[in-house]
Amino acid sequence: MVAGYIAGMQRNPYLTDAHEAHREEVASFTREFIVPVAGELDRTQAYPWENVKRMAERGWLGIMWPREAGGGGLDEMHYYVTLHEVAKACAGHAVIISVQTNLGTTSLHHFGTDWQKETWFAKLASGRILAAFGLTEEEAGSDAGGTQTTAVDRGDHYVLNGRKIFITHGGVAEFVIATARTEAGPRGQGITSFILAKDTIDPDACRRVGIGHDPSIPRTKGFRVGRTWEKMGWRAVNWGELLFEDAIVPKEQVLGEPGRGYANFLRLLDGGRIGIAAVSLGIAEGAYEAARQRAKDRRQFGRPIGSYQGVSFKLADLAMEIQAGQHLLYHAAWLKANGHPYKLEASMAKLFCSELAMRATTQAVQVFGGLGYTREAPVEKMMRDAKVCEIGEGTSEIQRMLIARQILGGLASD
């Protein structure tokens, strides 16, 4: 944590000794298991099955749920600490935890029926199967209410047709929550969430590590994975296309009240923005720490480059901004964890930390010089990982719009 490098900086007031001890445990894990493989996973775009199993065994894929429900038995602040710390080593690993928790188990926790929870919750919280959330479409990205996938009521089931794109975990997940329009109406109305199931695209890896596949789950007829994407960053995380071709979904697999899907997933997105803020801040701190060390080690004109104001001022600015980001992140997280309104604070944290991640990684590449532009330096990967943080869970433009609406009400326009 940056506090370890700046004299006089106080400990984070939102975190207890237990949270800080957990941070040290996570940091030890990243040094042993993530740092050694992060570069190779980035190069090959391979999914980190072995590390996902290790994280599942530690309860991190359901960290804030009771142990008897398959989780880690810790609190919500532990969850954000975990994302923050893991992202310092590899943002992709942190995103895996985030998708599994916020979009998988949290969805069931808030909106699921008793039968749905009994069927899927423990499997997800324990990491036995992986989750994905199918929302994004060509016409429904920032305009989340523009869903064009349709679901037609056929008595005891719905028939879904449509296509989702850029879905994190879309290929590897066997449990998928997807949105579809069940009735005509204004944007945001008439959208319903459904639970679907399919096979993972990597069954051999699942058999090798012993997680990720559960043959007892009935597969959804007419539902399959299309293409997967070659990405700039987060390359250890699978992005898949989801295709619904007369997909048959029993009515007991409707998640939440029919027609309320839009309101429900907006609630998830508010929490997800805090998660992306944590991932973003982790990237920023990882880049800062690498650049700080480089500034001490590299010499030019007979002196360490950190002795020159052109470099030292960059690091001073980043240290200040990271401190600000920590307060924004953990304030929003504390509000959410303690049942207070947090919509405004979540958007502020997400916006500030995601843009900080880009600034920090860009400056870190500059400090590294020519080496920073090669894949031999960790900051090159961090810079690519940072960019999508300004896009996912609501772009920077959307966050500014949401903040303006909160502070100005009806005066703020789209």
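In square angstrom, what is the accessible area per residue of the chain with a 1.4 angstrom probe?
On the way: 17260 Å² over 414 residues.
Using a 1.4 Å probe on heavy atoms only, each residue of the chain averages 42 Å².
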In whole Å, how far is the Cα centre of region 97-151 from that of region 175-253? 9 Å
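Quick check: with the 1.4 Å probe, what order do MET77, MET64 take by accessible area, largest first? Could the numbers behind the result be given before it?
Working: MET77 10, MET64 35 Å².
Greatest to least solvent exposure: MET64, MET77.
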Pick out, from LEU318, ALA277, ALA295, the residue whose Cα sits farthest towards the positive end of the charge dipole of region 266-340, with +1 on the Cβ of Lys and Arg and -1 on the Cβ of Asp and Glu. ALA295
Under a cut-off of 14 Å between alpha-carbon atoms, report the aspartates and glutamates in cross-link reach of LYS117, not counting same-chain residues fewer than 8 places apart. GLU68, GLU252
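Can you check what the net charge comes to around ARG43, using other residues whose Cβ is under 15 Å from the Cβ of ARG43 (Lys, Arg +1; Asp, Glu -1)? Display every interim value, and only then the final one.
On the way: positive: LYS231, ARG235, ARG375, LYS381, ARG384; negative: GLU40, ASP42, GLU230, GLU376, GLU380, ASP385.
Combined, the nearby Lys, Arg, Asp and Glu give -1.
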May I ask you to order 389-398, 305-314 by the average number of other C-beta atoms within 10 Å around their residues, highest value first? 389-398, 305-314
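Taking the Cα centre of region 146-185 as origin, sum charge times position over the Cβ atoms of Lys and Arg (+1) and Asp and Glu (-1), and report the length of that vector in debye to the nearest 20. Please list the in-between numbers first.
Details: 4 positive and 4 negative charges, 39 e Å.
My answer is approximately 180 debye.
Highest first, please rank the peptides 248-254, 106-112 by the mean number of other Cβ atoms sitting within 10 Å of their residues. Present the calculation step by step, with values, prior to reporting the outcome.
On the way: 248-254: 17.6, 106-112: 19.6.
Peptide ranking by packing, descending: 106-112, 248-254.
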Taking Cα atoms, the helix 378-387 axis meets the longest principal axis of the chain at an angle in degrees (rounded to 10) of 40 degrees
Please work out the C-alpha center-to-center distance from region 359-414 to region 29-89 and express it in whole Å. 23 Å
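Please report, in debye to the nearest 20, how large the charge dipole of the chain is about its Cα centre when each Lys and Arg carries +1 at its beta carbon and each Asp and Glu carries -1 there.
Values: 47 positive and 48 negative charges, 169 e Å.
In debye, rounded to 20, the chain gives about 820.
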For region 329-414, what is the largest minus smallest coordinate of the Cα atoms on each principal axis, given in angstrom and ordered from greatest to least? 49, 31, 18
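Mind ordering 87-96, 196-205 by average Cβ neighbours within 10 Å, highest first? If you can, show how the numbers build up before the last one.
Working: 87-96: 28.5, 196-205: 17.7.
In descending order of packing, they fall as 87-96, 196-205.
Which value in deg cm²/dmol, rounded to the nearest 500, describes the helix-derived mean residue ellipticity at 222 nm for the chain, given -39,500 (n - 2.57) per DSSP H run of n ≥ 4 and division by the residue count?
Details: 13 runs with 186 residues, N = 414.
Computed mean residue ellipticity for the chain: -14500 deg cm²/dmol.
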What's the Kirkwood radius of region 86-152 in Å, using all Cα pairs? 13.7 Å
In whole percent, and with a 1.4 Å probe on the protein chains, what portion of the accessible area of the chain is carbon and sulfur? 53 percent
Reachable lysines from LYS53, criterion Cα separation under 21 angstrom, eight or more residues apart if same chain: LYS88, LYS123, LYS198
What's the Cα-based Rg to Rh of the chain, Rh via Kirkwood? 0.98
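If you place +1 on the Cβ of every Lys and Arg, -1 on the Cβ of every Asp and Glu, and leave all else neutral, what size is the dipole of region 32-183 about its Cα centre, to the nearest 20 Debye? Walk me through the numbers on the way to the answer.
Working: 13 positive and 19 negative charges, 63 e Å.
Value, rounded to 20: 300 debye.
Calculate the tail of P(r) for region 56-191: the fraction of all Cα-Cα distances greater than 20 Å, expressed in %. Could you put the intermediate results ahead of the total?
Numbers: 4735 of 9180 pairs.
Beyond 20 Å sits 52 percent of the P(r) for region 56-191.
The values are calculated or read from the model by the stated rules, or taken from the named source; none is laboratory data. Everything numeric in this text was worked out from a predicted model, so none of it was measured. Cβ: placed from backbone, ideal geometry, glycine included. Neighbour counts: every protein chain shown. Ligands, DNA and RNA are stripped out before the accessible areas are found, and what is left, the full protein with its side chains, is counted by its heavy atoms. Shrake-Rupley method; radii C 1.70, N 1.55, O 1.52, S 1.80 Å.
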